[in-house]
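Visitor: Next up is a structure, given as structure tokens.
Rule-based calculations on the coordinates, nothing more; no lab input. Computed from a predicted structure; not experimentally measured. Cβ coordinates were reconstructed from backbone atoms using ideal geometry, including for glycine residues, and neighbour counts include every protein chain displayed.
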Amino acid sequence: MFIWQGRCQKKLADAARYWAALQRSQSAAPADGRAADPQELQDAISARDEIIAADEESDDDVCIIWPENEQTWQVFCALGHCWRSDTMSGQCLGLDRPAIESTLRLMQIKRKKHQRIFEDLLVMEDAALEILNRAG
């Protein structure tokens, strides 16, 4: 049983790393989304179109979630805006613990599953923090 749990947790950690990498790539864009001049806007549109075309051609960038992990993944994604960060360094500290409990209740997840999902979220949080706090 323990080996199965380890495999399950590895898949969750991989999914969290995938999510974190997407968040880092999206945060590279300007915060307000406005371009400084018309040429910059045209360049941004062209770059976006190239990315969309590349995504449609490539299935390498796919993260598969196993059925037994789907509910944990949904909770993790719902907590996407509930990350605590250090205001001085900008480093992510982790998920806001009260938000986890609130999210579990709002998503109407049975109470007996809360402990397992919480433990899985901790694994995912650790994996995502590696990516989110990576320099560069």
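Visitor: Once you put a point 7 Å from the Cα of E130 and another 7 Å from the Cα of A99, both along the Cβ direction, what distance in nm separates them?
Guide: Reported label-point gap for E130 and A99 is 2.2 nm.
Visitor: Which cross-chain or sequence-distant (5 or more) residues have an amide H under 5 Å from the amide H of R84, H modelled 1.01 Å from N in plane?
Guide: Residues meeting the criterion, in which the H sits 1.01 Å from N, are L93, G94, L95, D96.
Visitor: Each residue of segment 115-121 in turn: what ³J(HN,Hα) in whole Hz from Karplus with 6.51, -1.76, 1.60 and θ = phi - 60°, glycine and Pro shown as x?
Guide: After applying 6.51 cos²θ - 1.76 cosθ + 1.60, I find 4, 5, 5, 4, 4, 5, 5 Hz.
Visitor: Want the number for S25 to F118: 0.36 nm per residue separation, take away the alpha-carbon distance, what's left?
Guide: This chain segment gains 30.8 nm when fully extended.
Visitor: Report ³J(HN,Hα) in whole Hz for each residue of segment 64-72, in order, from the Karplus equation J = 6.51 cos²θ - 1.76 cosθ + 1.60 where θ = phi - 60°; Gly and Pro get x.
Guide: Running phi through 6.51 cos²θ - 1.76 cosθ + 1.60 with θ = phi - 60° gives 9, 9, 5, x, 6, 9, 4, 5, 5 Hz.
Visitor: While we're looking at this one, here's another question. Could you go through segment 9-23 in sequence order and give the Karplus-derived ³J(HN,Hα) for each residue, using 6.51 cos²θ - 1.76 cosθ + 1.60 with θ = phi - 60°, rounded to whole Hz, and x for Gly and Pro?
Guide: Running phi through 6.51 cos²θ - 1.76 cosθ + 1.60 with θ = phi - 60° gives 5, 5, 5, 5, 5, 4, 5, 5, 4, 4, 4, 5, 5, 5, 5 Hz.
Visitor: To the nearest 0.05, what FRET efficiency results for E68 and Q91 with a Förster distance of 25 Å applied to their C-beta separation?
Guide: About 0.20, to the nearest 0.05.
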